[in-house]
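Just so it is clear, none of the values below were taken in a lab; they were calculated from the coordinates. Quick caveat: nothing in here was measured; it's all calculated off a predicted structure. Neighbour counts are summed over all protein chains in view; Cβ atoms, including those assigned to glycine, are modelled from backbone coordinates with ideal geometry.
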Amino acid sequence: MPTALLSVHDVMPRTLPAVEDTLELIESLGLVRPTLLIVPGLGWTSEQLEQLRAWAAAGYPLAAHGWIHRARRIRGLRHRMHSALISRNAAEHLSLNRQQLLALMRRSYHWFPRVDLPRPTLYVPPAWALGDLSLQDLHRLPFDAVEVTQGIIDTRTGRTRVMPLVGFEADTAARAVALSAWNRSQLAVAQRMQQPLRVGIHPNDLTLRLGGSLTTLLQRLAEQPSNRMVDQQAAA
């Protein structure tokens, strides 16, 4: 099995119980702590923010993930197709113009220190849909890296490190079939090319149609020493 880069998406007030369940499974398998993708612009209570601080203190990396994780409107043909096939109303970036996107990403970044959380070095647009931003735009932002469907962009050099990506957010039979085929192809690429495998986990994935497949993959990844927290700590 390849080395895995785990991330838990859509960490927001209403998903915290499901996020906790996901993290408990990952921890029980001894896997390296995943990056938590935080949606800042929602109604966070002081208790919920304290939970985020506790996760950060425990060593979970935090990343910025949009502002409200919801497109305010469907804008143009590209967005309509993306919404119908992939994101529904989650592709927040696709509903905004360039200046609005830059303002959103800066606002997302500055929220973290304002609530006493570590400044994020990574930004992941909702549904991995970056929208109408250039590499020059990314270079002007405070993030070191931006993750998109193809891989991870270094905002300083403009280079994209291409990496396979698997996901499990299948709430319909059609999505389960499509995602299963996609995941098989991406896992094959990771193994053939000896590349890290990005595993994007959404809070309710364990209870959706591919929950069993997700659990099986995590168990298989845990058999690889490079994916295990205890082995990394011993090596250090």
- What value, in deg cm²/dmol to 500, does the helix sum -39500 (n - 2.57) over DSSP H runs of n ≥ 4 give at 222 nm once divided by the residues of the chain? -12000 deg cm²/dmol
- If a/c stays under 1.5 just call it rounded; otherwise compare a/b with b/c (prolate if a/b is bigger, oblate if not). Do that for the range 99-236, with a ≥ b ≥ c from the square roots of the Cα gyration tensor eigenvalues. prolate
- Message: Quick check on packing: order 119-126, 209-216 by the mean number of other C-beta atoms within 10 Å, highest mean leading.
- Response: 119-126, 209-216
- Item | Charge sum, other residues only, whose C-beta stays under 10 Å from H9's C-beta, Lys/Arg counted +1 and Asp/Glu -1 | -3
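Cβ under 13 Å from Q186's Cβ, Q186 left aside: what net charge do those residues give with Lys, Arg +1 and Asp, Glu -1?
Taking every other residue near Q186 into account, the sum is +3.
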- Item | ³J(HN,Hα), Karplus 6.51/-1.76/1.60, whole Hz, each residue of the range 26-32, x for Gly, Pro | 4, 5, 5, 8, x, 6, 4
- Using the Karplus equation 6.51 cos²θ - 1.76 cosθ + 1.60 (θ = phi - 60°), what ³J(HN,Hα) coupling, rounded to whole Hz, does each residue of the range 124-131 give in order, writing x for Gly and Pro? 10, x, x, 6, 6, 9, 6, x
- Task: Report the one residue of Q194, I68, L101 whose Cα lies farthest in the direction of the positive end of the charge dipole of the range 4-235 (charges on C-beta: Lys and Arg +1, Asp and Glu -1; origin at the Cα centre).
- Result: L101
- Message: I need the shape label for the range 161-236. Rule: rounded when a/c is under 1.5, else prolate if a/b > b/c, else oblate, with a, b, c from the alpha carbon gyration tensor.
- Response: oblate
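Where Lys and Arg each count +1 and Asp and Glu each count -1, what net charge lies around S108 among other residues with Cβ under 12 Å from its Cβ?
The answer is +3.
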- Message: Going by amide H atoms built from the backbone, whose H comes under 5 Å of the H on L31, apart from near neighbours?
- Response: M229
